[in-house]
Amino acid sequence: MNGHGGTLREDLTLTAGALLLRPWREEDASALLAAYDDPAMRQWISTPVFTPAEAERWLAAQRAGRESGSRFSFAVTDTGRGGELVGNLALKRPGPGPERAEVGYWTTAGARGRGVASRALAALTDWAFTAFADEGLVRIELLHQVDNVASCRVAEKCGYAFAELLSALPPDYPLDGHLHAREAPAAEVRRTADRRAAAAGTGGGRASGR
């Protein structure tokens, strides 16, 4: 994994074997449009990207999210296939509470069945819990529609346990959903608590319960 010492830099990249997770670029517009030209993906995605103008707006939104710190979106590419775009992965931190974040992703039609989503999600999860530990991140959530069986398998494979059944909210969410969640590793939580205690001058005493 790259990015230590500059975890939130605009040029931050992550790796997972042959997969490279990098910031989205303007020149990705054509590959983005090709990815969205897939009926299966359109079934799960709420924001359409069907025209060059929509692609431009989508890419601008990813840049703005990274600059504001509310959304860290990565283009997932396969270095073993000449940098082919194989997916998108995003860590979303839209609310004021630093202890929780949400992750979302999609993979291109040609990349499905190759373990892209699970490998990329594992890398992003490890990075997020390390990068935002000092800000108190202890839980990452993953949501998907109940009939998205593939996403359910990816979540469970990456340690995101089923937490709650979410009621449908038509028209945006016509079906019930699954909420999965993964907690920060206990060792990381303890290290963060110790750093905070030391900074407060308590000598590393036990942190109070939440």
per DSSP, antiparallel bridges as share of beta bridges in the range 79-169, % nearest 5, sits at 60 percent
Quick calc: nm separation of the 7 Å Cα→Cβ label points for Thr79 and Ser46 -> 3.5 nm
Charge tally for neighbours of Leu59 with beta carbon under 15 Å away, counting Lys, Arg as +1 and Asp, Glu as -1, is -1
Amide H contacts under 5 Å for Glu84, restricted to residues at least 5 apart in sequence or on another chain and with H modeled in the peptide plane, are Asp78
Expressed per residue, the solvent accessible area of the range 56-199 in Å² (1.4 Å probe) is about 48 Å²
Note on the range 25-88: alpha-carbon gyration tensor, axes a ≥ b ≥ c; rule is a/c under 1.5 for rounded, else prolate if a/b larger than b/c, else oblate; result oblate
Here the Kirkwood hydrodynamic radius of the range 90-132, Cα-based and in Å, equals 11.7 Å
In the neighbourhood of Gly87 defined by beta carbon distances under 14 Å, the net charge of the other residues (Lys, Arg +1; Asp, Glu -1) is +1
Expected sort for 165-174, 113-122 on mean C-beta neighbours within 10 Å, highest first, is 113-122, 165-174
Taking a ≥ b ≥ c as the square roots of the Cα gyration tensor eigenvalues, with a/c under 1.5 meaning rounded and otherwise prolate when a/b beats b/c or oblate if not, the range 20-129 comes out oblate
The answer for the net charge of residues other than Ile45 whose Cβ lies under 15 angstrom from its Cβ, with Lys and Arg +1 and Asp and Glu -1, is -1
The FRET efficiency for Glu26 and Ser68, from their Cβ-Cβ distance with R0 = 22 Å and rounded to 0.05, is 0.70
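The values are calculated or read from the model by the stated rules, or taken from the named source; none is laboratory data. In this text the structure is predicted, and so the values were computed from the model without any measurement. No Cβ is skipped: glycine too gets one built from the backbone with ideal geometry, and neighbour counts run over all protein chains shown. In case anyone asks, the SASA skips ligands and DNA or RNA and just uses the protein heavy atoms, side chains included. Shrake-Rupley method; radii C 1.70, N 1.55, O 1.52, S 1.80 Å.
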